[in-house]
1. Consider LEU16 against the criteria (1) in contact (Cβ under 8 Å) with a residue 60 or more places away in the chain; (2) under 21 Å from PHE6 (Cβ atoms); (3) surrounded by fewer than 18 Cβ atoms within 10 Å (Cβ to Cβ); (4) within 19 Å of the chain's Cα centre (by Cα): it satisfies all of them except one. Which criterion is unmet?
2. Need pairs with beta-carbon distance below 8 Å; first residue on the phi > 0 side of the Ramachandran plot and within segment 56-84, second among the polar types (S, T, N, Q); sequence gap 6+ or separate chains.
3. With the requirement that a residue be touching a helix residue (DSSP H, G or I) at 6+ places or on another chain (Cβ under 7 Å), small (Gly, Ala, Ser) and either surrounded by fewer than 21 Cβ atoms within 10 Å (Cβ to Cβ) or not assigned by TED's automatic domain parsing to the domain that holds ARG24 (or both), what does segment 52-86 give you?
Amino acid sequence: MSERRFDPQRSRVAVLMGGHSAEREVSLMSGTGVLKALQSQGVDALAFDPAERELHELRALGVTHCFIALHGRYGEDGCVQGALELLRIPYTGSGVMASAMAMDKVMTKRIWTALELPTPAYIWLSPQAQTPEALDSIAEAWACRSSSSPRVKAPPLASPR
């Protein structure tokens, strides 16, 4: 997307907050803080909750830029970024692909490993396999394996989105 230079005198910023994720309340708090900060600097900013309105309404509101304060699924996973790309509205944060890959913890681990970037060991378990017995077994095996590092009891577990 071509970038539009931000000019506070000629811009209208929608702070996207709330949304449909389990992190809605955190998003509303952080979004409210961002909104107040923008307005205190003289920016024409408004709150916009995608759980209550459709994103295409941003156009009718004259929004020129979006500050994404959404958390979790539909906020950090590339979905809202893709919609804003289609609406040709510049936004804060990473793009569609980077957001989607970063939200997928297993994919992120695979990419980092392929690029030989340092990353802690992990074990991937499907949600069905995440039983108390399986977790105890993994923790016990990991504790034996990492006896030189007694503070590490078990590897991080990665779950699919």
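The values are calculated or read from the model by the stated rules, or taken from the named source; none is laboratory data. Since the structure is predicted, the reported quantities are computational estimates derived from the model, not experimental observations. All Cβ positions, glycine included, derive from the backbone under ideal geometry; neighbour counts span all protein chains shown.
1. (3)
2. Listed by first residue and then by second, the contacts come to GLY72/SER21; GLY72/SER27; TYR74/SER21; GLY78/SER99.
3. If the condition is that a residue be touching a helix residue (DSSP H, G or I) at 6+ places or on another chain (Cβ under 7 Å), small (Gly, Ala, Ser) and either surrounded by fewer than 21 Cβ atoms within 10 Å (Cβ to Cβ) or not assigned by TED's automatic domain parsing to the domain that holds ARG24 (or both), then GLY82 is the only one that fits.
Conditions (1) loosely packed, with under 11 Cβ neighbours inside 10 Å; (2) within 18 Å of the chain's Cα centre (by Cα); (3) at pLDDT 80 or above, marked per residue:
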{"position": "ILE89", "(1), (2), (3)": "no, no, yes"}
{"position": "ILE111", "(1), (2), (3)": "no, yes, yes"}
{"position": "GLN128", "(1), (2), (3)": "yes, no, yes"}
{"position": "ALA141", "(1), (2), (3)": "no, no, no"}
{"position": "ARG151", "(1), (2), (3)": "yes, no, no"}
{"position": "LEU157", "(1), (2), (3)": "no, no, no"}
